[in-house]
Amino acid sequence: MLKIGLTGSIAVGKSFVCKVFRENGCHVLDADQTARDVVRRGTEGLSQVVEAFGDAILLPSGELDRAKLGSIVFGDEAKRKLLNSIIHPLVFEAQDRWLKDREARDPDGIAIVDAALMIESGGHKRFDQLIVVWCEPEIQLRRLIERDRLPEAEAEKRINSQMAQSEKKKFADFLINTSFGFDDTRRQVLEVLTKLKSLVG
């Protein structure tokens, strides 16, 4: 099985790219979903996060208040690193279980793990190839403001808290530029998929 990492900064269109890969027969795991799963109520992950950040990050239901935790870590590098040091090992473990399961079911398939912080966490080294999704910075900023209804300054802060797109692109085996809309992006995804299929086996 070919194991592919897919990454890109916030609001660059990774979800749409993953959707096209999924529609065309690839196995796709969303690391954001995995990151949510490992801190669900009652998990060891949530206990560790509460131990590090206190009960104030919990909703009355006992679930994690993601917005509250996000506001704490986005502007504070030390706290963000602390959170990542708890979450990343748990996410890696869950990804590895998923990859093993997919490989057992479909040894000649293509499995894609989508994760925004794959390069920063060193997780990209576990994959055969790395796809970096990107778009022009002004488009990224506009998409984030519209998607999350954020003030411009807050959107810029979130973008600047991540590794620069120009830096991420240096790690890529394949680049997909989503700046020119859905049809153009779909065309690029299918081109990359053709190349990936030639590597399987």
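Just so you know, all these numbers are worked out from the coordinates, no wet-lab data involved. Quick caveat, the model's predicted, so the values are computed rather than measured. As a convention, Cβ positions derive from the backbone with ideal geometry for all residues, glycine included, and neighbour counts pool all protein chains shown.
Some observations on this one:
- Theoretical FRET efficiency, 1/(1+(r/R0)^6), r = Cβ-Cβ of residue 55 and residue 169, R0 35 Å, to 0.05: 0.30
- Residues of type lysines that residue 81 reaches as a straight line, Cα spacing below 26 Å, ignoring anything fewer than 8 places off in the same chain: 14, 68, 125, 157, 168, 169, 170
- Global geometry of segment 27-101, whether rounded, prolate or oblate, following the gyration tensor of its Cα atoms and the 1.5 cut on a/c: prolate
- Helical runs assigned H by DSSP (4 residues or longer) give the chain a calculated mean residue ellipticity at 222 nm of -16500 deg cm²/dmol, each run adding -39500 (n - 2.57) before division by the residue total.
- Residue among 193, 94, 131 farthest towards the positive dipole end of the chain, charges placed on Cβ: 193
- Cleavage-rule hits (trypsin sites (Lys or Arg not before Pro)) in segment 105-201: DSSP loop, at most 12 neighbouring Cβ within 10 angstrom: 149, 170
- Dipole magnitude of segment 2-199, debye to nearest 20 (Cβ charges: Lys/Arg +1, Asp/Glu -1, about Cα centre): 220
- The overall shape of the chain, judged from the alpha-carbon gyration tensor, is oblate: a/c is not under 1.5, and a/b is no greater than b/c.
- Rounded to the nearest Hz, the phi-derived 3J(HN,Hα) couplings of segment 81-88 under the Karplus curve 6.51 cos²θ - 1.76 cosθ + 1.60 (θ = phi - 60°) are 5, 4, 4, 4, 5, 7, 6, 4, where x marks glycine and proline.
- Spatially proximal aspartates and glutamates relative to residue 100 (Cα-Cα < 14 Å; intrachain offsets below 8 disregarded): 108
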